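Rule-based calculations on the coordinates, nothing more; no lab input. Computed from a predicted structure; not experimentally measured. Don't worry about glycine lacking a Cβ; one is built from the backbone with ideal geometry, like all the others, and counts go over all protein chains shown.
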Amino acid sequence: MFQEKSQYTNAVSRAVLDSAPDGILVINRDGLIVLVNSQTEELLKYEPDEMLGQHFEAVLPELFREEHERLIAGCTRGPGARPGRAGLELRAVCRDGEELPVEMSACTVEVQGGPLVCCVLRASGGRRRTGQGIHASEEQFRMIVEKSQDILCIRNADGLMRYASPSIHPVLGYKQEEIIGSTGLEVIHPEDRSAVENARDELLKNPGGRDSVQFRAQHANGSWVALEVVAYNLLDDPDIRGVVINGRDISKRKQTEAEREKLIGELQEAAAKANSLTGLLPICACCKKVKHEAGQWQQIESYFRDRTQIEFSHGMCPECSRLWYPEYSKT
């Protein structure tokens with residue numbers, strides 16, 4: 001009968017401990033953990049009863065040693081519970097080594113087997129704010145992705161699109177459900193497809209790698225959109241398990257580059273024509289001087305030298321040689 005009552009009492013005590021809103025940790029005079037509830041195990045990422053028998057320093061910081069010894073020493077003043085300290089700010093060490101900021105209240109209790117320290121633990125306000133901050137960051141990130149003008153897609157290891165951001169519609173005119181489940185290769189210009197496939201194959205050989213490629217993709221209305229795509233191989237990442245693709249419409253940039261190249265070509269052509277003399281040029285039939293724009297006569301050599309890149313070297317043609325120097329013409 002006594003054994004059944006003891007078992008019932010233990011069961012009730014355990015139920016009360018596990019129903020407590022905070023973590024409860026009880027340490028004996030030797031610093032060993034003798035009692036722990038499920039909230040503490042969950043908070044510090046331990047399996048049930050795994051913490052029992054461990055020294056408190058395995059889960060509580062070294063700086064708590066003096067506090068523990070002070071509380072234990074207080075029990076020697078007499079039986080019963082002794083008030084401890086509330087609102088202690090310290091760091092607990094989780095089973096995986098993560099340091100967790102906690103708030104702790106502690107008191108000592110004298111029992112038949114000796115004094116015990118009873119600790120009540122909860123994640124500190126900083127941790128709760130951090131959790132809220134993480135949630136807010138995730139929400140903010142989701143909003144950025146959904147409102148971004150860039151395309152964000154995730155491709156599975158089988159090459160099929162698992163996710164496409166809403167920006168796929170304003171950029172390429174497709175709905176998300178039209179892209180999800182496809183390879184995405186069908187919208188690539190035939191002349192660019194082999195380059196994209198080669199870049200994809202090389203990226204898949206490099207886990208964690210990054211690559212970029214430019215190509216033309218067909219809009220839902222049949223037109224072509226120039227895209228610049230940066231891809232990250234995160235297939236080995238347990239949280240992603242895919243290739244993350246970020247695409248940007250660079251059609252305007254390509255148009256600007258084409259216009260600039262055209263302008264450069266036109267300027268080069270104009271410069272070439274500027275070095276070529278055209279039109280009617282008056283020239284003296286006797287001395288061969290030419291009349292330039294200001295109406296003055298100028299030696300033909302200096303006229304061309306001033307307006308072109310031509311340089312003259314003087315000599316004598318055979319006819320003039322026979323006319324003016326007949327004695328030398330034979331030689």
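A few remarks follow.
- Order of Tyr46, Tyr328 - criterion: other Cβ atoms within 10 Å of each residue's Cβ, fewest first: Tyr328, Tyr46
- Share of Cα-Cα pairs in segment 149-238 lying beyond 21 Å, as whole percent: 27
- Order of Ser223, Ser38, Ser313, Ser124 - criterion: other Cβ atoms within 10 Å of each residue's Cβ, fewest first: Ser313, Ser223, Ser38, Ser124
- Placing a pseudo-label 7 Å from each Cα along the Cα-to-Cβ vector at Lys205 and Cys284 gives an inter-label distance of 7.6 nm.
- Order of Cys153, Cys119 under a 10 Å beta carbon neighbour criterion, fewest first: Cys153, Cys119
- Note on Met316/Glu261: beta-carbon distance plugged into 1/(1 + (r/R0)^6) with R0 of 56 Å gives a FRET efficiency of 0.70.
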